[in-house]
Amino acid sequence: MKVFYDDKCSICKKEINFYKKYHVKNIEWIGIHKNKLSLNDKTKKDYLKKMHVIDDDNKLKTGVDAFIALWKKHRTFKYLSIIINIQPIKLFASILYSFFAKYRYKKLYK
């Protein structure tokens, strides 16, 4: 699994560092600003707007789906991934995440 995150965002870095403490195997943490990205014709701006993950099946996931894929790999968060993946909880989480992601991007990059 590859996790792409905004390594200039203090909130993002804190969250990624929290996940890293669990030492989950087979996760490559990729800071967007430190790496050149050329996946699926997406731009750096696309990666900065939402969290992106390439899961173990080599599928690109974004937003809440990216978090669900990441949480499935963590012993502690595995149950959260199951709960968040239930409709209408997933819909509600996606709406909240979209608002947060837009706010965070505007605050940092505009």
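The values are calculated or read from the model by the stated rules, or taken from the named source; none is laboratory data. Just so it is clear, the model here is predicted, and its values are computed rather than measured. What goes into the accessible areas is simple: the full protein's heavy atoms, side chains included, and nothing from ligands, DNA or RNA. Shrake-Rupley method; radii C 1.70, N 1.55, O 1.52, S 1.80 Å.
Here Lys90 is the anchor, and the lysines within straight C-alpha reach of less than 17 Å, apart from those fewer than 8 places off in the same chain, are Lys50, Lys61, Lys72, Lys78. For the chain, the share of accessible area belonging to carbon and sulfur comes to 55 percent (1.4 Å probe, ligands and nucleic acids excluded). For the chain, give the share of DSSP beta bridges that are antiparallel, in percent and rounded to the nearest 5; count only bridges with both residues there. Of those bridges, close to 60 percent are antiparallel.
State the label only: which of (1) 9.9; (2) 7.7; (3) 6.8 corresponds to mean projected area of the Cα convex hull in nm² computed from the shown model? Here mean projected area of the Cα convex hull in nm² agrees with entry (3).
Take the eigenvalues of the Cα gyration tensor for region 33-93, scale each by 5, and report the square roots as semi-axes in whole Å, largest first.
24, 13, 10
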